[in-house]
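Engineer: Pasting a structure below so you can have a look.
The values are calculated or read from the model by the stated rules, or taken from the named source; none is laboratory data. Model, not experiment: these values are computed from the prediction. Note that we place each Cβ from the backbone using ideal geometry, even for glycine, and neighbour counts take in every protein chain shown. Each accessible area value is taken on the protein alone, full model and side chains, heavy atoms only, with ligands, DNA and RNA left out. Shrake-Rupley method; radii C 1.70, N 1.55, O 1.52, S 1.80 Å.
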Amino acid sequence: MEPTPLSTLITRYLHEELSEEETAQLWETLREGHGQEAWNEALLALLQDKDKHGHANTERMEQIYASIRPVDTPVVSLARRRWMYPAAAAVILAVVLVTAAFWRSRGPQPPLADHPAAPVHEVMPGGNKAMLTLADGSTITLDSAGNGALAQQGNVQVVQVNNGQLAYQASGSHAAGAVQYNTLAIPRGGQFRVTLPDGTNVWINAASTLRYPTAFSGTDRTVELTGEAYFEVAKMPEKPFHVKVRNMDVQVLGTHFNVMAYTEETSVQTTLLEGAVKVHTAGAETALRPGQQLRMEQTGQLSVVNHADLDEIIAWKNGYFQFNHEKLPGVMRQIARWYDVDIAYEGNIPDREFGGKISRNSSIEEVLRILELSKIHFRIEKKKIIVIP
């Protein structure tokens, strides 16, 4: 039997019409580096097919596609790097998400003729904003506007620097006395960075809080986290650093790691990028090596992932959404936190997995148009996104 022509396989694959055997044949060919031109042509045809992606603007999709043609890395390589035999919808989305990220990185594009006006709503990407609560209970609203001294707490001055970063600057030795705590609360639609009194840098994600002392004067350094944060801990071997989060205590001496502990997520996750950590839970202690992730389910069950996707874990810190086999509710929870929106579903939640990468500076329309390529539709009502299967 003659093998099916590659162009036919690609076209049928993108329309979810391939058998398992034909899918294996297609991906084997693509892994060998053949068929790039046929893949590009088929993908462009799909993007131009308005019946496949609802109200997405065809000219915009073609412009996005064309903008990365000069890039040396083949479009398909970014999709197949994560999945050997993925579901068709996930691969289509992975390619287009990466395409959109490249398009945004190339700077402003020329306006499109006769492009319809964007719908009126109140949904905007997040930015640098936070609320700082001082030890005396007073509060300071932080954003990207203005730098300089904010408060004096004993011999420690609180300073905003670099439009979106908080720092603590001590003068002289720390006087003995009661420990004073500050709390940095990041709302939905916000993010912020703080340099703690010991020099530790912390990036804090949306809908998160970090409570910490204004000076680390004891035998250890302890902070309390809800939500998600990425830590680059200053090395002080004589004074371990602890992150208290729900029923978990992460202990380090000097290392880079990410902790995700949103109450609406199914697990608490500690992921180590560099150095070493010990994670203490009820009756158990787990040591992690770089690249490992400890997960604690809501039931208290622990598991270790040996080769965590580090790019995906810290994508938020680097200004991206990045998904790898993420279910729709997980995608929408991230969107809700960053765009400060509520999510509602009409009917059953579609069983889809998504993969790819897109800038967190993207408009909500861009993000939803890309998701609609997987045959899921949305309606925006003020600060609410309704998912329509």
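Engineer: Name the single residue that is most open to solvent (accessible area, probe 1.4 Å) among those in the range 229-248 being farther than 18 Å from Met260 by Cβ and among the aliphatic types (A, V, I, L, M).
Structural biologist: Only one residue fits best here, namely Met236.
Engineer: Report whether or not Asn155 is modelled with pLDDT of 95 or more and open to solvent by less than 60 Å² (accessible area, probe 1.4 Å).
Structural biologist: So Asn155 does not fit the description; no.
Per-residue answers, yes or no, for (1) at pLDDT below 95; (2) out of contact with any Asp or Glu (no Cβ under 6 Å at 6 or more places or on another chain); (3) open to solvent by less than 10 Å² (accessible area, probe 1.4 Å); (4) not hydrophobic (A, V, I, L, M, F, W, C):
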residue	(1), (2), (3), (4)
Leu184	no, yes, yes, no
Thr195	no, yes, no, yes
Thr200	no, yes, yes, yes
Ala207	no, yes, no, no
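Engineer: For the range 212-227, indicate whether the set of residues that are at pLDDT 95 or above, farther than 19 Å from Tyr181 by Cα and in the same structural domain as Thr133 (by the TED database) is non-empty.
Structural biologist: Looking for residues that are at pLDDT 95 or above, farther than 19 Å from Tyr181 by Cα and in the same structural domain as Thr133 (by the TED database), one finds none in the range 212-227, hence no.
Engineer: Could you identify the single residue in Glu264, Glu326 that is open to solvent by 60 Å² or more (accessible area, probe 1.4 Å) and under 21 Å from the mean Cα position of the chain (by Cα)?
Structural biologist: It is Glu264.
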